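The values are calculated or read from the model by the stated rules, or taken from the named source; none is laboratory data. Computed from a predicted structure; not experimentally measured. Note: ideal-geometry Cβ built from the backbone for every residue, glycine included; neighbour counts use all protein chains shown.
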Amino acid sequence: MKMKAMQLRNALVIGLLSSFLIACSQEPAAPAETASPVTEEATSASSFTAEEIARWEATADNVTILRDRWGIPHIYGVSDADTVFGTLYAQAEDDFYRLETNYINAMGRLAEAEGESQLYRDLRMKLFIDPVDMQNQYEASPRWLKGLMDAFADGLNYYLHTHPEVEPRVIKKFEPWMALSFSEGSIGGDIERVNISRLRDFYDPGSMVAIAEVPFDGEPRGSNGFSIAPENTANGNALFLINPHTSFFFRSELHMVSEEGLNAYGAVTWGQFFIYQGFNENTGWMHTSSRADAIDEYLETIVQQDDGYYYEHGDGLRRLEEKVISLPYKAGDDMAEIEVTAYYSHHGPIIREDDGKWVSISLMQEPIKALSQSYGRTKANDYDEFAATMELRTNSSNNTVYADSDGNIAYWHGNFIPQRDPSFDWNSPLDGSNPATDWGPLHAVTEMISVFNPDSGWIQNTNNTPFNSAGPGNSPNPADYPVYMANNPENPRGVHAVRVLEGKSDFTLDSLIEAAYDPALPFFEELIPNLLLITAVDSPSIVDDDGNSLVLESTITADAIEYIDLLRDWDTRSSVDSVETSLAVYWAENLMDNVRADANAQNINIYEYMVNNATPDQLLGALTDAAETLTQNFGSWQVPWGEINRYQRITGDLVQDFNDDEPSIPVGFNSGRWGALSSFGARTYPGTRRMYGTSGNSFVAVVEFGNPLRAKAITVGGLQSDPDSPHFDDQAEMYANGEFRDIHFYRNDIEANLEREYRPGD
């Protein structure tokens with residue numbers, strides 16, 4: 001049902017927010033300045049005391065873990081803290097290596113495990129994450145949050161205590177404050193926007209230290225989220241799609257329940273104690289990557305004086321803050337260390353130099369509020385309670401798609417957005433000396449781009465523009481908002497999402513899955529006609545000023561005509577049996593690579609450039625190269641897509657070594673670049689002809705908010721990282737076929753599909 005008056009809704013939100021913030025501020029611990037400093041050395045050298053072990057054992061008695069037939073843990077605790085304890089214990093059971101790696105990364109300690117190639121990745125994190133500061137913030141946190149952080153550390157340490165065979169790479173003992181280093185869904189979040197190479201060049205010019213680069217696969221990172229209002233569903237209940245596009249095996253699926261009202265199911269990034277994308281019995285939340293402007297860079301004019309570095313601001317000079325950052329790293333069998341003096345303006349840390357100016361960066365740094373918001377939304381029972389958590393305004397890098405059991409659907413584009421002077425270009429570095437470029441207060445949630453119960457009866461976001469989130473006539477108007485609130489262009493997935501959602505009024509769980517997995521690749525509907533025009537001698541699109549044809553059919557090889565004829569009649573739908581898909585994908589990838597530099601130079605969206613600016617020679621050349629590559633790799637240019645596009649997981653290693661000679665599964669899904677909603681980011685690897693997927697659809701779920709709640713899901717491969725576990729690959733074939741399993745949400749259903757019941761430590 002729709003809410004009543006907007007004024008009433010806002011009043012309720014304000015009231016609930018006040019209650020939430022009061023709860024967050026009750027009974028804080030001792031002031032931060034009384035806290036004893038925590039060093040990285042201390043966190044990796046501590047041992048477990050008899051008192052700690054006794055406390056963990058007592059907590060374990062309050063926790064029950066139920067593993068269903070898919071190995072998914074349903075963690076029941078007396079209190080929320082008990083459930084958090086069990087949740088981290090269960091995560092460690094499933095993949096301690098990934099869990100620890102996430103915290104090693106978040107705290108800037110990768111080099112301690114992997115050597116000097118990670119030094120500047122560590123520096124990037126340590127510019128923002130300081131163990132002593134995090135300890136102080138932990139001490140200043142509200143008691144309820146401290147209790148959850150304590151339980152987080154206790155659960156992990158109890159796992160290490162009860163599994164002495166597990167050898168942590170770096171973190172021998174987890175500390176409660178560590179939870180604050182990783183308070184949103186992504187590990188590095190906004191921090192990862194900082195370019196590592198340029199950071200190294202600034203702080204260590206002439207350095208010969210190689211940087212461990214992550215291979216670029218071109219697959220868009222982000223997610224899809226759909227909300228369907230009751231009037232557009234067969235059963236009169238709101239429906240919800242949770243469809244993150246992440247690196248495979250990046251998140252775990254689990255269920256958290258306590259006697260204090262917690263009952264949340266969904267995806268948690270390894271090591272976090274809150275459901276990041278998921279649902280409870282009454283509300284569902286899905287985050288998609290946002291381009292609402294939550295980050296800005298500043299050009300600082302530096303003046304060096306005898307006592308240090310200063311920068312211009314207004315009519316005067318301000319001294320740069322200096323901070324010595326230690327960077328330990330593994331050197332063979334030993335440890336070594338370098339120290340870097342980092343510099344900070346009031347805007348933030350210095351991250352590079354541009355044309356004689358030092359560049360600082362401003363971004364959200366509110367870990368207490370961020371962690372409070374991340375956990376608080378999992379316990380929201382209706383729209384007003386959920387909206388109250390949004391008022392904390394610390395979900396900086398994400399949009400939020402929402403649905404609930406009252407039939408409400410909603411969308412927020414971003415959440416942390418500082419007020420800015422719209423006369424400046426906020427997409428480029430600002431003049432840091434001009435006080436007018438400083439951030440103002442945060443925009444109120446009511447000032448941000450949002451949608452609430454649109455008349456279309458549906459909402460979608462695919463990391464695309466919010467101005468098409470509910471279809472024509474029902475989406476926000478860009479003229480109503482500052483430009484910096486939405487830099488997202490439309491993308492092929494957004495076009496596709498609108499197509500599968502608009503005009504439909506009988507959605508079910510199964511038909512929502514069908515919509516989310518619709519195999520069309522709409523980008524090719526725009527691109528292929530340009531290719532067909534090349535064969536038309538009289539086409540007015542390909543003539544010079546004198547009316548002469550620029551490309552004659554006789555100049556096109558017979559082979560090229562055959563390639564074009566194949567694509568001419570293609571329905572642009574991807575499948576394992578489609579040879580058209582293989583040729584089209586190789587063609588588009590070649591074309592994108594060939595025109596990217598020109599598109600960037602002219603500041604034209606790459607998709608627009610490919611469709612509107614690519615020349616006949618570029619189109620034909622990319623197509624011919626595609627066919628030649630296919631022939632070289634597979635003996636023919638007519639190769640079914642499933643022969644090329646594969647899922648393979650042989651080990652539980654963080655980085656897979658793909659091998660064409662080892663078993664793999666054909667996958668009909670495709671890249672989000674071409675508009676595939678069911679994203680499968682695949683590429684070739686050294687020594688392979690086939691393309692192997694490593695990102696895209698990971699945990700996917702659909703929810704119907706009826707009485708009772710119904711939900712289905714699929715997790716890529718399987719839940720556990722041990723190849724000897726039956727849950728290492730028990731979902732792989734289903735995943736590749738787009739098949740979902742029922743989610744066991746209620747206790748009686750879980751017990752009817754029970755594999756194991758136990759307590760931590762058993």
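Assorted remarks:
- The listed residue being in a loop (DSSP other than H, G, I, E, B), of a type in the set (F, W, Y) and crowded, with 21+ Cβ neighbours inside 10 Å, out of F658, F680: F658
- From Y607, Y586, residue being modelled with pLDDT under 95, among the aromatic types (F, W, Y) and touching a helix residue (DSSP H, G or I) at 6+ places or on another chain (Cβ under 7 Å): Y607
Residues are listed down the side, and each one gets a yes or a no for (1) farther than 19 Å from S326 by Cβ; (2) in contact (Cβ under 8 Å) with a residue 12 or more places away in the chain; (3) of a type in the set (A, V, I, L, M):
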| residue | (1), (2), (3) |
| --- | --- |
| M134 | no, yes, yes |
| M149 | yes, yes, yes |
| T162 | yes, yes, no |
| V166 | yes, yes, yes |
| G189 | yes, yes, no |
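- Test for Y89: is it assigned by TED's automatic domain parsing to the domain that holds E57, at negative phi, buried (at least 24 other Cβ atoms within 10 Å of the Cβ) and of a type in the set (F, W, Y): yes
- Check on A436, without any contact (Cβ under 8 Å) to a residue 24 or more places away in the chain and within 25 Å of the chain's Cα centre (by Cα): no
- Residue identified as of a type outside the set (G, A, S), surrounded by 15 or more Cβ atoms within 10 Å (Cβ to Cβ) and over 21 Å from E608 (Cα atoms) among N468, N461, N474, N488: N474
- Of all residues in the stretch 405-446, those satisfying the criterion of being in contact with a Ser or Thr (Cβ under 7 Å, 6 or more places away or on another chain), assigned to a loop (DSSP other than H, G, I, E, B) and among the hydrophobic types (A, V, I, L, M, F, W, C) are F416, F424, W439.
- Residues in the stretch 733-742 that are touching a residue at least 12 places away in the same chain (Cβ under 8 Å) and out of contact with any Asp or Glu (no Cβ under 9 Å at 6 or more places or on another chain): M734, Y735, A736, R741.
Results for (1) polar (S, T, N, Q); (2) over 25 Å from F705 (Cα atoms), shown as yes or no for each residue.
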position	(1), (2)
V401	no, no
Q419	yes, yes
S428	yes, yes
A436	no, yes
G440	no, yes
I449	no, yes
P454	no, no
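- Total residues in the stretch 86-116, condition part of a helix (DSSP H, G or I), out of contact with any Phe, Trp or Tyr (no Cβ under 7 Å at 6 or more places or on another chain) and within 30 Å of V340 (Cβ to Cβ): 8
- Matching residues, the stretch 658-696, being without any contact (Cβ under 8 Å) to a residue 24 or more places away in the chain and within 30 Å of A113 (Cα to Cα): E662, T684, P686
- Of the candidates L327, L317, the single residue that is in a strand (DSSP E or B), farther than 27 Å from E112 by Cβ and in contact with a strand residue (DSSP E or B) (Cβ under 8 Å, 6 or more places away or on another chain) is L317.
- The condition of being loosely packed, with under 13 Cβ neighbours inside 10 Å and among the hydroxyl-bearing types (S, T, Y) holds for only one of S574, S582, S636, that being S636.
- Residue check, V611 of a type in the set (V, I, T), part of a helix (DSSP H, G or I) and out of contact with any Phe, Trp or Tyr (no Cβ under 6 Å at 6 or more places or on another chain): yes
- Test: residue in the stretch 717-731 that is within 19 Å of I409 (Cα to Cα), at pLDDT 95 or above and surrounded by fewer than 22 Cβ atoms within 10 Å (Cβ to Cβ): no
Okay, residues lined up against (1) closer than 24 Å to V667 by Cβ; (2) assigned to a helix (DSSP H, G or I); (3) under 28 Å from the mean Cα position of the chain (by Cα):
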site	(1), (2), (3)
L567	yes, yes, no
E580	yes, yes, no
Y586	yes, yes, yes
M592	yes, yes, yes
V595	no, yes, yes
D598	no, yes, no
I604	no, no, yes
Y607	yes, yes, yes
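- In the stretch 117-146, the qualifying residues are those that are aromatic (F, W, Y) and part of a helix (DSSP H, G or I), and the one that is surrounded by the fewest Cβ atoms within 10 Å (Cβ to Cβ) is W144.
- One residue from L127, L123, L99 being in contact with a Leu (Cβ under 7 Å, 6 or more places away or on another chain) and either assigned by TED's automatic domain parsing to the domain that holds R200 or modelled with pLDDT of 95 or more (or both): L123
- Evaluation of W674 against (1) more than 23 Å from D94 (Cβ to Cβ); (2) touching a strand residue (DSSP E or B) at 6+ places or on another chain (Cβ under 7 Å) (one fails), failing number: (2)
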